[in-house]
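Only one structure is covered here, and it is reproduced in the block below.
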Amino acid sequence: MMALRSGVKLLLGCGLLQRRLGIRTLCLTPRGNAASVTTSHETPRTSDLSSFAFRSHTCGELRPAHVGQEVTLCGWLQYQRQDMFLVLRDFHGLIQVILPSDEVGSGLKETLSAVPLESVLMVTGTVIPRPSGQENLNMSTGAVEVQAKEVHVLNISRKLPFEIKDSVKKSESLRMQYRYLDIRSAQLQYNLRLRSRMVMKMREYLCNQHGFVDVETPTLFKRTPGGAKEFLVPTQEPGKFYSLPQSPQQFKQLLMVGGLDRYFQVARCYRDEGSRPDRQPEFTQVDIEMSFVEQPGIQKLIEGLLRYSWPEEKGTLPDPFPVMTYAEAMNSYGVDKPDTRFQMKITDVTAQMRNMSVGFVQDALSKSSGCVKAITVPGGAIYLKGKALDSILRMIREQHEQDVMAVVVRSDGSWKSPLGKNLSEELQKALTGATGAKAEDLVLLAAGSRDAACSALGKLRLEIASRLEESGVPLRDPNAFHFLWVVDFPLFLPKEENPEELESAHHPFTAPHPEDTELLYTDPAKVRGQHYDLVLNGNEVGGGSIRIHNSELQRLVLQDILKEDVSLLSHLLQALESGAPPHGGIALGLDRLLSIIVGALSIRDVIAFPKSFRGHDLMSNAPDYVSAEDLRSYHIQVTSK
């Protein structure tokens, strides 16, 4: 700061600027005189981006059409070179500012010589064309530059922990610790502004075109049965806690009972779970509910919503989206959210392998659900061999307790396999017909129960895709967006800790498929639900269902099938007894959807102030300790384990 002050005169005459900013500023002019500031009365605004501000333009909007105009720009000092020019950056782009070589320029150079990068400047000058041959095609403003007349330093930056450039490598923890600096980056600016534009378009589509009502629902609620762990909020009533809702599920159903008919909300949701690349303790949903609707109506609404709000630069979306049943997804892809950007589907080769006299095959087929499944990896014999292949198969064995047999089709068409002579020429021909295997392909076989074999091969399919892409084989186009509806999920699934008991596959308010309602009383494990997931590039980006609107049916599901304490949901059951209309809805995971659109590796890259992997705010060090005295009023005492 001392070096700066030696070449800068603090001018108290810069009153207009000070009043506008509400702060003390350093005003740098060539001769140390107070500079006049262009006001909105003197120069008409050329863009709404500068309305209500004391700049006339943004740094990124100047073009040859502006040549000859006097402009006032505000932004951060991105770059200086040889006391000849500087680059000014704001949220809209970059502009090159030329320092003239006359006496005026000499004063400007002197005053700017000690100003650190990332200091905030206001520049007034004239837009001029760049000399022929010196245009910068990589900048939107590269055909012009601004010849400076006046420069004001609005604030001086300290030395920052990293450069504000997308090309500079920074650890994620450092980026999150200084998130307010990371937000200055072009990529994060784009992500957050795209998020804002898409949400606005969604609001327009829902409210203005289809009569939805935006309703805010409480974030202080009560604990609800089932689902993810909830955050508890202590109160000053002994032993009583609020709970932060996982979603506005009950509230939006109650709004339908209230006759609101069409509700939506950009809703904050909370789960007391560890973070993952695609999950945060707090996240955002586009939450939607409608009365007097069936599943196709919800799906058509969402497809229209996405097409309306979809960024133009990302191409167009299909009409309609493809639909796949849960059973088909599991049989062909081994997961309930298949990535359909590449093939390698699972095929059934049980018929071809049935007569093979190999122990593990016969053991699998002796069971009622036993089968043999296969996937073919095109070119897999070239890219996946030796230790690389062994490590993948070992991972599947350890994680899924499922052995997978690898068969290599050599370049001459012969087959190499641990099955040896059991893989006869006749069987090879049969498997070739079933799997489509060709020279230099890899065929992977799994024998066991259908669910286990498909699940293992589904995981293997995705792992192999990643390994092939690491080897330079293009499989999943990052610029392709493959949406898919997955429908006809089971209504209930066996609990992992106790398979004899059932839990909701989606949530306990999902209505059964009309054709399966009677099975609720006889074999609930076979009931399909009116639940639908929206999948994008192998990621679930939305999920919803038609709801149970009959109180007796809801009580049966909660009390008799799921063994839940219905007293916790007495308010909902009473509401359903009060003339509840048929209704259904969906929630889109806004963070996850946006991260896929922009190609981010984590949803943290589309959230302004995200939490770390452990759910911590590295910038403010939240969560933090609370003193025993402060806890006393909440009747809480911290004890060591």
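The values are calculated or read from the model by the stated rules, or taken from the named source; none is laboratory data. Since the model is a prediction, treat every value here as computed from it, not as a measurement. So basically every Cβ, Gly included, is an ideal-geometry build from the backbone, and we count neighbours across all protein chains shown. Just so you know, the surface numbers come from the protein's heavy atoms only, side chains and all, with ligands and any DNA or RNA stripped out. Shrake-Rupley method; radii C 1.70, N 1.55, O 1.52, S 1.80 Å.
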Computed magnitude of the charge dipole of the chain (debye, nearest 20; Cβ of K, R +1, Cβ of D, E -1):
2020
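Using the Cα centre of region 215-367 as the reference point, and only Cβ charges (+1 on K/R, -1 on D/E), how large is the resulting charge dipole? Debye, rounded to the nearest 20.
Working: 18 positive and 20 negative charges, 67 e Å.
With Lys and Arg at +1 and Asp and Glu at -1, about 320 debye.
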Lys314 - accessible surface, heavy atoms, 1.4 Å probe, Å² rounded to 10:
50
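How long is the gain from Ser357 to Arg276 if the chain were fully straight, where each residue apart is worth 0.36 nm and the alpha carbon distance is subtracted? Can you show the working numbers first?
Working: separation 81, 0.36 × 81 = 29.16 nm, distance 4.46 nm.
Fully extending the segment from Ser357 to Arg276 adds 24.7 nm.
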So what J values fall out for region 614-631 if you push phi through Karplus, 6.51 cos²θ - 1.76 cosθ + 1.60 with θ = phi - 60°, rounded to Hz, Gly and Pro as x?
8, x, 9, 8, 6, 6, 9, 6, 8, x, 10, 6, 10, 5, 4, 5, 5, 6
Net charge around Glu289, counting only other residues with Cβ within less than 13 Å of its Cβ (Lys, Arg = +1; Asp, Glu = -1)?
0
Please list 3J(HN,Hα) in residue order for region 231-236, calculated via the Karplus relation 6.51 cos²θ - 1.76 cosθ + 1.60 where θ = phi - 60°; whole Hz, with x for glycine and proline.
6, 9, 10, x, 10, 7
Any chance you could get the radius of gyration and Dmax over the Cα atoms of region 194-264, in Å?
15.8, 48
Per residue accessible area in Å² of the chain, where ligands, DNA and RNA are left out and the probe is 1.4 Å
51
Run down the lysines and flag those whose C-alpha is under 21 Å from the C-alpha of Lys170, throwing out any fewer than 8 positions away in its chain.
Lys159, Lys611
Accessible surface ranking that places the most exposed of Val257, Val323, Val638 first, with a 1.4 angstrom probe
Val638, Val323, Val257
For region 91-248, give the percent of accessible area contributed by carbon and sulfur heavy atoms, probe 1.4 Å, rounded to a whole number.
52
Take the Cβ-Cβ distance between Ala480 and Glu103 as r, set R0 to 41 Å, and report the resulting FRET efficiency rounded to the nearest 0.05.
0.10
For Ile346, residues with placed amide H under 5 Å, excluding near neighbours
Tyr333
Work out Dmax and Rg for region 482-613 from the C-alpha atoms and quote the Rg first, both in angstrom.
17.4, 50
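Given the rule -39500 (n - 2.57) for each run of at least 4 DSSP H residues, summed and divided by the residues of the chain, what is its mean residue ellipticity at 222 nm, to the nearest 500 deg cm²/dmol? Show your work: numbers first, answer last.
Numbers: 20 runs with 174 residues, N = 641.
Computed mean residue ellipticity for the chain: -7500 deg cm²/dmol.
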Charge dipole of the chain about the Cα centre (unit charges at C-beta), most positive-ward option of Val115, Cys74, Thr435
Val115
Provide the per-residue ³J(HN,Hα) series for region 241-257, in order, calculated from phi with Karplus coefficients 6.51, -1.76, 1.60 and θ = phi - 60°, each as a whole number of Hz, with x at glycine and proline positions.
9, 7, 10, 7, x, 5, 6, x, 3, 5, 5, 6, 5, 5, 5, 5, 4
Round to the nearest 10 and give me the degree value, 0 to 90, for the angle of helix 425-435's Cα axis relative to the longest principal axis of the chain.
50
Amide H neighbours of Phe492 under 5 Å, at least 5 residues apart or on other chains, H built in the peptide plane: list them.
Ala505, Val527
Accessible heavy-atom area order of Phe360, Phe54, highest first, probe of 1.4 Å:
Phe360, Phe54
Non-local amide H neighbours of Gly60 (under 5 Å, H modeled in plane, Pro and chain starts lacking H): which ones?
His92, Gly93
Reachable lysines from Lys252, Cα under 16 Å, same-chain residues fewer than 8 places away excluded?
Lys222
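Can you pull the percent of region 593-641's accessible area that's carbon plus sulfur, 1.4 Å probe, other chains left in place?
Details: 1860 of 3440 Å².
Ligands and nucleic acids excluded, carbon and sulfur give 54 percent.
May I ask you to give the percent of accessible area on region 337-480 that is carbon plus sulfur, with a probe radius of 1.4 Å? Don't skip to the answer; put the middle values down first.
Numbers: 3390 of 7390 Å².
Whole-percent figure for carbon plus sulfur exposure: 46.
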